[in-house]
Amino acid sequence: MSKGTFYITTPIYYPSDKLHIGHTYCTVATDAMARYKRMQGFDVMFLTGTDEHGQKIEEKAAAKGVTPKQFVDDIIEGKGGILDLWKLMNISNDRFIRTTDAYHELSVQRIFKKLYEQDDIYKGSYKGLYCTPCESFWTESQLKDGKCPDCGREVKYAEEEAYFFRLSKYTQKILDLYEKQPDFLEPVSRVNEMVNNFLKPGLDDLCVSRTTFTWGVPVDFDPGHVVYVWIDALSNYLTALGYLNEEYHDVEKYWPADVHFVGKEIVRFHAIIWPALLMALGMPLPKKVYGHGWLLLDGGKMSKSVGNVVDPVILAGRYGVDALRYFLLREFPFGSDGNFSNELLITRINTDLANDLGNLVSRTVAMALKYFGGTLPTDQIGDSGDDELSTMANNLRSQYAAQMEKYAFQNALTEIFRVTSRANKYIDEMAPWVLAKDDSQMPRLACVMYNLLETIRICAVLLKPFMPETSEKIFSQIGAGGETTTWESAAAFGALPKDVTVKKGDVIFPRIDMAKELEILAEQMK
Ligand code: MSP
């Protein structure tokens, strides 16, 4: 039975370059959350997609001698493109929206017109310092030494006819929102940033159309204007459900969104502009916006233009998709920035996945095979004399859930690995190889094996959102399947039948030779 709906989104990505591991980070986090909620029995809608309009794409396409649509099609659907990357990373999105989809464009035009007709959008002129070669307006504070921050050339005062959204009207309403719904925006540090940097000084009206490029949704009642970025991009969260279009009919079912995951630099758009637009449209607001941190490389944000990007395809190819997914969510607290390095990745795989989890599974399965031929004897289950491990495993699901509900993926995984470490210690303390030498100790030995298998089972269920394929491999080795792999079954110790049969399998995470790998990676990532 469904526990209700859960609507979660990633930002829609710019298909201007190949995506890097920073983009993968947010999508993997969203995927883990979506899988977690599905496992709990929620009817989940997980949306991701691409944000395809704008001057940058138009220029890149022109430089390549193709149309903008051909350009984005290639980056999205071409070999090694965005869709391939999400497939590789095992992303379980329910829907994929492209802002060039006809139904989305139609909705955007309808939204724009509605806002115009009710006077939330008005025609004015965009005034500022203009860089002619870059076709960009800049404010005084954005200039570098008085010149264009992009190309370094002179700027001059200019005016351009444009439409504006009356964002200034919403300053107090957004402040009230943060007051009334203190968990609307998390982590809390982002709220302070919004209030101090943008709301307290007062919001300016927002330019929402341009006439200097054509690759965008046309304003249907004023040819020459195209809808500028944010109305087009943000509304994807609604149009993908069928808002003001006939493609889908899910607005009532899934809106308001339960959470929008977004990177910290676009929090402003999601926590100020988006709620203001929704207020203007008379729509309920999302329950939460979560602004996650960045993956940094050598202290700086990864970016294709800087040239410091890490390719997730290479890493997933060498260490497996699950190891990469695990690393991303285990290593860095979701709300803060984190410094990526190949050393960190390999260390994490070796310590947690190969030594801790992998060893636990292979030792346990090997001992169950050696001492009982693979099937535990029901008539001989005794007491191991230690209930600390089973108590920990029993409590694990609720501790894990408490962290997952806060989007604290790192802590949720730490909870699981505290239990796997304890289980490894339990093996050393119980010394099954000693028990096995004494016939009278067989009931105790059987109990030790059962406790280990049960502990592994519960851990593997809770790891499913993070490492779906690994959990399946573990289930098959420890003789779990069907009902013993469900969320419900992880609530309490003892779901595996007492006469469970294990099966030898491959090592789930082979140990990596750090020095050798670092050399190979350096070579491949050149
Ligand atoms: N198209 C806009 C989003 C519109 S949402 C209505 C956009 N696209 S983007 O491709 O530039 O970025 C998409 C997401 O990837 C953003 O949330 C951004 O923060 C995230 N990341 C890009 N580089 C990143 C890192 N290095 N680390 C973590 N996340 C990063 O913005």
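For a quick check of your reading of the model, give me the residue pairs whose first member lies in segment 385-412 and is within 21 Å of residue 453 (Cβ to Cβ), whose second is outside any helix (DSSP H, G or I), with beta-carbon atoms closer than 7 Å and at least 6 apart or on different chains.
From segment 385-412, the pairs are 390/493; 393/493; 394/492; 394/493.
Tell me yes or no: at least one residue of segment 165-176 is away from the ligand (no atom under 16 Å from the Cβ), touching a helix residue (DSSP H, G or I) at 6+ places or on another chain (Cβ under 9 Å), polar (S, T, N, Q) and in contact (Cβ under 8 Å) with a residue 40 or more places away in the chain.
Checking segment 165-176: not a single residue is away from the ligand (no atom under 16 Å from the Cβ), touching a helix residue (DSSP H, G or I) at 6+ places or on another chain (Cβ under 9 Å), polar (S, T, N, Q) and in contact (Cβ under 8 Å) with a residue 40 or more places away in the chain.
If I ask for residues that are of a type in the set (Gly, Ala, Ser) and either within 16 Å of the ligand (Cβ to nearest atom) or free of Cβ contacts under 8 Å to residues at least 40 places away in the same chain (or both), which ones from segment 333-380 would you list?
335, 336, 338, 341, 373
Against the conditions (1) more than 19 Å from the chain's Cα centre (by Cα); (2) crowded, with 23+ Cβ neighbours inside 10 Å, where does residue 312 fall short? Just the number, please.
Only one criterion in (1) more than 19 Å from the chain's Cα centre (by Cα); (2) crowded, with 23+ Cβ neighbours inside 10 Å is unmet by residue 312, namely (1).
Taking residue 449 and the conditions (1) assigned to a helix (DSSP H, G or I); (2) over 18 Å from residue 505 (Cβ atoms); (3) in contact (Cβ under 8 Å) with a residue 24 or more places away in the chain, which numbered condition does it fall short on, given that it satisfies the others?
Unmet for residue 449, out of (1) assigned to a helix (DSSP H, G or I); (2) over 18 Å from residue 505 (Cβ atoms); (3) in contact (Cβ under 8 Å) with a residue 24 or more places away in the chain: (2).
May I ask you to list the residues in segment 99-134 that are farther than 18 Å from residue 230 by Cβ and at pLDDT below 95?
125, 127, 129, 130, 131, 132, 133, 134
Would it be correct to say that residue 329 is in a helix (DSSP H, G or I) and open to solvent by less than 40 Å² (accessible area, probe 1.4 Å)?
Yes.
In segment 486-512, what residues are surrounded by fewer than 22 Cβ atoms within 10 Å (Cβ to Cβ), touching a helix residue (DSSP H, G or I) at 6+ places or on another chain (Cβ under 8 Å) and closer than 22 Å to residue 411 by Cα?
486, 487, 489, 491, 492, 493
Report whether or not residue 262 is within 11 Å of the ligand (Cβ to nearest atom), closer than 25 Å to residue 84 by Cα and either open to solvent by less than 20 Å² (accessible area, probe 1.4 Å) or polar (S, T, N, Q) (or both).
Taking the combined requirement at face value, the residue satisfies it.
Which condition does residue 225 not pass, out of (1) buried (at least 20 other Cβ atoms within 10 Å of the Cβ); (2) within 19 Å of residue 277 (Cα to Cα); (3) away from the ligand (no atom under 16 Å from the Cβ), if it passes all the others?
With respect to (1) buried (at least 20 other Cβ atoms within 10 Å of the Cβ); (2) within 19 Å of residue 277 (Cα to Cα); (3) away from the ligand (no atom under 16 Å from the Cβ), residue 225 is out only on (2).
Within segment 197-204, identify whether any single residue is touching a Ser or Thr at 6+ places or on another chain (Cβ under 8 Å) and among the acidic types (Asp, Glu), and answer yes or no.
Yes, segment 197-204 has at least one match.
Looking at 115, 85 in this structure, which one is away from the ligand (no atom under 16 Å from the Cβ) and open to solvent by less than 20 Å² (accessible area, probe 1.4 Å)?
Values: 85 fails: away from the ligand (no atom under 16 Å from the Cβ).
Result of the check over 115, 85: 115.
For residue 383, state whether it is surrounded by fewer than 17 Cβ atoms within 10 Å (Cβ to Cβ), in a loop (DSSP other than H, G, I, E, B) and away from the ligand (no atom under 14 Å from the Cβ).
On the way: surrounded by fewer than 17 Cβ atoms within 10 Å (Cβ to Cβ): yes; in a loop (DSSP other than H, G, I, E, B): yes; away from the ligand (no atom under 14 Å from the Cβ): yes.
Taking the combined requirement at face value, the residue satisfies it.
State whether one or more residues within segment 289-301 are touching a Cys at 6+ places or on another chain (Cβ under 8 Å) and either open to solvent by less than 10 Å² (accessible area, probe 1.4 Å) or under 28 Å from residue 18 (Cα atoms) (or both).
yes
Could you list, in sequence order, all residues of segment 265-278 that are within 12 Å of the ligand (Cβ to nearest atom) and over 20 Å from residue 337 (Cα atoms)?
Correct list: 273, 274, 277.
Among the strands (runs of 3 or more DSSP E) contained in segment 34-132, which hold 2 or more residues that are of a type in the set (Asp, Glu) and within 30 Å of residue 168 (Cβ to Cβ)?
So the answer is none; nothing clears 2.
List the number of the failed condition for residue 398; all other conditions in (1) at pLDDT 95 or above; (2) surrounded by fewer than 22 Cβ atoms within 10 Å (Cβ to Cβ); (3) among the hydroxyl-bearing types (Ser, Thr, Tyr); (4) over 30 Å from residue 335 (Cα atoms) hold.
Condition not satisfied by residue 398: (4).
Condition first: more than 9 Å from the ligand (Cβ to nearest atom) and surrounded by fewer than 20 Cβ atoms within 10 Å (Cβ to Cβ). Now tell me which residues in segment 1-16 satisfy that. Don't jump to the end; show me each part of the working.
Of segment 1-16, the ones more than 9 Å from the ligand (Cβ to nearest atom) are 1-8.
Residues satisfying the conditions are 1, 2, 3, 4, 5.
Could you tell me whether residue 25 is open to solvent by 20 Å² or more (accessible area, probe 1.4 Å) and within 15 Å of the ligand (Cβ to nearest atom)?
Criteria not met by residue 25.
Of everything in segment 280-298, what is over 24 Å from residue 44 (Cα atoms) and touching an Asp or Glu at 6+ places or on another chain (Cβ under 9 Å)? Give them in sequence order.
Selection gives 280, 281, 293, 294, 295, 296.
As an exercise: evaluate residue 34 against (1) open to solvent by 30 Å² or more (accessible area, probe 1.4 Å); (2) among the hydrophobic types (A, V, I, L, M, F, W, C); (3) in contact (Cβ under 8 Å) with a residue 40 or more places away in the chain; (4) out of contact with any helix residue (DSSP H, G or I) (no Cβ under 9 Å at 6 or more places or on another chain) and give the number of the one condition it does not meet.
That leaves (1) as the condition not met.
So, of the residues in segment 279-327 that are within 16 Å of the ligand (Cβ to nearest atom) and of a type in the set (D, E, K, R), which turns out to be nearest to residue 258 (Cα to Cα)?
Among them, the one singled out is 288.
Looking at segment 229-248, is at least one residue within 28 Å of residue 2 (Cβ to Cβ), more than 16 Å from the ligand (Cβ to nearest atom), acidic (Asp, Glu) and open to solvent by less than 30 Å² (accessible area, probe 1.4 Å)?
no
The values are calculated or read from the model by the stated rules, or taken from the named source; none is laboratory data. Remember, it's a predicted structure, so these values are computed and weren't measured experimentally. Please note: Cβ atoms are built from the backbone with ideal geometry, for glycine as well, and neighbour counts cover all protein chains shown. Note: accessible area is taken over every heavy atom of the protein model, side chains too, but ligands, DNA and RNA are not part of it. Shrake-Rupley method; radii C 1.70, N 1.55, O 1.52, S 1.80 Å.
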